Amino acid sequence: MFQAFYALLKRDLLLAFRHRGELANPLLFFLMIVTLYPLGVSPETEMLRKIAPGVIWIAALLAALFSLENLFRSDFEDGALEQMLLSAQPLSLLALAKVLAHWLVSGVPMLLLAPVLGLLLSMPEKAILALELTLGLGTPLLSLVGAIGVALTVGLRRGGVLLTLLVMPLYIPVLIFATNAVTAAAAGMPIAGQIYFLASLLMLALTLAPVAIAAALRISVS
Amino acid sequence: MWQFLHKLASPKYFYDISGKLIPWLGGLCLISLLAGLYLGLVKAPPDYQQGESYRIMFVHVPAAWMSMFIYMLMAVWSAINLVWNIKLADVMASSSAAIGASFTFLALVTGSLWGKPMWGAWWVWDARLTSELILLFLYLGYIALVSAIEDRRTAARAGGVLILVGVVNIPIIHYSVEWWNTLHQGATVTKIGKPSIHLSMLIPLLIMAVSFKLYYLAVVLMRARIEVLDRERRGAWVREMFGESSGR
């Protein structure tokens, strides 16, 4: 069972690294959205510091959605997804492997880029630390929840906009807790409560989302 | 009991019995609506703080209740459909979505109209308003997904998964939003024992709530009947009912 998990994880990572150009796209998207804010709102340091947590997190939400869109697409088109459905291994485990691979190639680079963006928006150091912590807990959550939406729309021609419509409302709690933690950290307040909440949401998603993804895949592909 | 339920799940029997029920439900809905409006708009005394403007509550509060109630019902039907594969359950779920979305919209609009004289603004980013808005998004997402998938059965099953995911999320969304910001007055009816709302206002409110429920039942049955006819248009009983020529 775990062999299948590792095999699929390795395959997806290999596939991702063979398309290095596509790998950078969500990151560029993330960077560009954040860049637009100082241009669109105001380059004043005070203002930027105030809106920074929200800006970076909203950009992360959009980048996560943008990169998720193709999670099952190529497997669906070349029939690999059907083989996964037919295989003797539990589909939820395979789905989890795919989501993990996706997070490793899209979520982790975002984690690495985020401190730089924090500096661009002149965030204080403490807030950057909190930002990393919330992104570390939050981005896998975004991948897991988003994957349910992707699985539901995989067979559809224009799933992109629909995916946004389905998944965005479900992302709201993550956004609230994460930005709240970063803002609190910037003000020098404790953030343990928000972090615990994000962690428990992540645990909930880790246990329930794979089941929902598997159910959704069975419906969309059949 | 089980036999009756099994019989009810057959499209033809459902079509017949709902056809008989709709006039009754509609009539009772009209009566209770008129009674509730009369008691609420004419009989109930003006509020000592909010004056006359509180009267929009008799529409606003039942609509908000309905918006959540219908979502929960849709979740129950979706679960029934996913577990026991009963076609009629998904017919009911997909027929409910538009009604639920309209009640949510109604609650938002009346809330906004009520908020203008009370809070001095059409919209405030208060916890309950925001979660109601998110509920509207959830409904619209469901409708968009169901209408994007061509095959009715697949659409209903996919929508069912989405609704169940949403139900797990609703409490999380609700409490996260509540924790994020709050301004709305607390619930005044659910305090059993000593409700903080006066009886002369509570009774019309409950009558209105019953009336909205009846309205929902009547309309959802009408919509479900049409949906059943459409899905079963190749079935023998539909052809028989409309004569052979109209069936394709």
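Is the range B:176-183 home to any residue that is more than 14 Å from chain A (Cβ to nearest Cβ), farther than 15 Å from A:Val167 by Cα, open to solvent by 50 Å² or more (accessible area, probe 1.4 Å) and in contact with an Asp or Glu (Cβ under 7 Å, 6 or more places away or on another chain)?
yes
So which of A:Ala185, A:Ala178, A:Ala209, A:Ala216 is among the small types (Gly, Ala, Ser), in contact with a Lys or Arg (Cβ under 6 Å, 6 or more places away or on another chain) and open to solvent by less than 50 Å² (accessible area, probe 1.4 Å)?
Just one listed residue meets the conditions, A:Ala185.
Considering only residues that are among the small types (Gly, Ala, Ser) and part of a helix (DSSP H, G or I), look in the range A:185-198 and name the one that is nearest to the other protein chains (Cβ to nearest Cβ).
Per the stated criteria, the residue is A:Gly193.
How many residues are more than 9 Å from chain A (Cβ to nearest Cβ) and either at pLDDT below 90 or more than 19 Å from B:Asn81 (Cα to Cα) (or both) when one looks only at the range B:139-149?
2
With B:Lys12, B:Lys7, B:Lys20 as the choices, which residue is in contact with a Phe, Trp or Tyr (Cβ under 7 Å, 6 or more places away or on another chain) and without any contact (Cβ under 8 Å) to a residue 24 or more places away in the chain?
B:Lys7
Do you know which of the residues in the range B:150-169 that are without any contact (Cβ under 8 Å) to a residue 60 or more places away in the chain and within 7 Å of another protein chain (Cβ to nearest Cβ) is farthest from A:Ala209 (Cα to Cα)?
B:Thr154
Starting from the range A:159-184, take each residue that is under 17 Å from A:Phe72 (Cα atoms) and within 7 Å of chain B (Cβ to nearest Cβ) and list its partners that are small (Gly, Ala, Ser) and surrounded by fewer than 22 Cβ atoms within 10 Å (Cβ to Cβ), counting only C-beta distances under 8 angstrom and pairs at least six apart or across chains.
Within 8 Å, the pairs are A:Leu162/B:Ala144; A:Leu162/B:Ala148; A:Leu166/B:Ala144.
What single numbered condition from (1) in contact (Cβ under 8 Å) with a residue 24 or more places away in the chain; (2) farther than 20 Å from B:Ala218 by Cα; (3) aliphatic (A, V, I, L, M) fails to hold for B:Ala98?
Of everything listed in (1) in contact (Cβ under 8 Å) with a residue 24 or more places away in the chain; (2) farther than 20 Å from B:Ala218 by Cα; (3) aliphatic (A, V, I, L, M), B:Ala98 misses just condition (2).
Could you go through the range B:44-55 and let me know if any residue there is within 21 Å of the chain's Cα centre (by Cα), part of a helix (DSSP H, G or I) and within 30 Å of B:Phe137 (Cβ to Cβ).
No, every residue in the range B:44-55 fails to be within 21 Å of the chain's Cα centre (by Cα), part of a helix (DSSP H, G or I) and within 30 Å of B:Phe137 (Cβ to Cβ).
Limited to the range B:73-98, what total is found for residues that are surrounded by fewer than 19 Cβ atoms within 10 Å (Cβ to Cβ) and either within 14 Å of another protein chain (Cβ to nearest Cβ) or among the β-branched types (Val, Ile, Thr) (or both)?
Within the range B:73-98, residues that are surrounded by fewer than 19 Cβ atoms within 10 Å (Cβ to Cβ) and either within 14 Å of another protein chain (Cβ to nearest Cβ) or among the β-branched types (Val, Ile, Thr) (or both) number 6.
Among the numbered criteria (1) more than 9 Å from chain B (Cβ to nearest Cβ); (2) modelled with pLDDT of 90 or more, which one does A:Leu201 miss?
(1)
For A:Leu86, which of the numbered conditions (1) more than 14 Å from chain B (Cβ to nearest Cβ); (2) under 21 Å from A:Leu175 (Cα atoms); (3) open to solvent by 10 Å² or more (accessible area, probe 1.4 Å) fails to hold?
Every listed condition holds for A:Leu86 apart from (2).
When you look at A:Leu117, is it over 14 Å from the mean Cα position of the chain (by Cα) and over 16 Å from A:Ala181 (Cβ atoms), yes or no?
Yes, satisfied.
Taking the range B:125-138 on its own, how many of its residues are more than 10 Å from chain A (Cβ to nearest Cβ) and open to solvent by less than 30 Å² (accessible area, probe 1.4 Å)?
4
The values are calculated or read from the model by the stated rules, or taken from the named source; none is laboratory data. Worth saying up front: this structure is predicted, and the values here are computed from it rather than measured. All Cβ positions, glycine included, derive from the backbone under ideal geometry; neighbour counts span all protein chains shown. Calculation scope for accessible area: heavy atoms of the full protein, side chains included, ligands and nucleic acids excluded. Shrake-Rupley method; radii C 1.70, N 1.55, O 1.52, S 1.80 Å.
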